[in-house]
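In what follows, a single structure is set out as structure tokens and then discussed.
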Amino acid sequence: MGRPVRELPGIGGKTAALLGEYGLHTVADVADVPQSTLQRLLGARAGRALHEHAHGRDTTVVDPTPAPPRLSTEHCFPRDELAPAAHRRILLALADDLGICLRATDRIATGVTCTIRYADLSATRRSRTLPEATQHTVVLARAACAVYDTLGLQRARVRSISLRADALQPADRATRQLTLDAGDDKPIAIEVGADRARARYGHRMLYLPPSLSTPDPRLPDAGAPEQRHGQ
């Protein structure tokens, strides 16, 4: 019995299960399959990487510079979700989750990264540098929605959405005072009150910036994001 395919870098349970459906259970099985076949199954980049790893090759460039700290949160839909309105609702909830964690740990983020995973196991990742480092939900949510809008998704079957706050810094190291538009005063005031309420009644009290959240009563509640935080 050869080494199981899950021992290869980047192969999780779902990918291993998909490969198993095609009789690819071991590293040797994968190595015997043409790269083009793996790319049809997993997508161009993932298929090429799997083919290289199965043959003992790794072209990843090692950067000795420590990666800047980051914080992420993810939501997995109970079923593949096509509605952009539902995607945006989750993005707002994820931005709120990141804002809570940043404020609780007195840190600021200089950028955000949004990752959309689809039903076919492929993914799209886009990043945006913030005009100014922040820990405020309203700014994070605007950036997240702006990144999402650049994807131009048309009836895409989305399986999960994750949002990451990038290049974290201590709030007291900000090079200048964190500023916001005058129109943000009300959302920030509500944010402060919501943080106090959470401290007293629990984290699951959900706040969405009123200037960004436009609930549609016809949509089912997508729920709060799963608590998958990573440093």
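The values are calculated or read from the model by the stated rules, or taken from the named source; none is laboratory data. Because the structure is a prediction, the values reported are computed rather than measured. When we count neighbours, we look across all protein chains shown, and the Cβ atoms used for this are built from the backbone with ideal geometry, even at glycine. Please note that ligands, DNA and RNA were not included when accessible areas were found on the heavy atoms of the full protein model with its side chains. Shrake-Rupley method; radii C 1.70, N 1.55, O 1.52, S 1.80 Å.
Miscellaneous remarks
- When Leu98, Leu102 are checked against the criterion of being touching a residue at least 40 places away in the same chain (Cβ under 8 Å), outside any strand (DSSP E or B) and surrounded by fewer than 24 Cβ atoms within 10 Å (Cβ to Cβ), a single residue qualifies: Leu102.
- Region 143-158 - residue that is outside any helix (DSSP H, G or I) and surrounded by fewer than 19 Cβ atoms within 10 Å (Cβ to Cβ) and, of those, modelled with the lowest pLDDT: Gln154
- Screening the candidates Thr115, Thr110, Thr15, Thr37 for the property of being within 21 Å of Arg142 (Cα to Cα), of a type in the set (S, T, N, Q) and open to solvent by 20 Å² or more (accessible area, probe 1.4 Å) yields one hit, Thr110.
- Filter result for Ser72 (of a type in the set (Ser, Thr, Tyr), open to solvent by 40 Å² or more (accessible area, probe 1.4 Å) and modelled with pLDDT of 90 or more): no
- Among residues of region 120-142, those that are open to solvent by less than 40 Å² (accessible area, probe 1.4 Å) and under 13 Å from Ile108 (Cβ atoms), counted: 9
- When residues in region 2-26 are screened for being farther than 20 Å from Asp120 by Cβ and touching a Ser or Thr at 6+ places or on another chain (Cβ under 7 Å), 3 of them pass.
- Ala119 vs. criteria closer than 16 Å to Ser162 by Cα, of a type outside the set (Ser, Thr, Tyr) and in contact with a Leu (Cβ under 7 Å, 6 or more places away or on another chain): no
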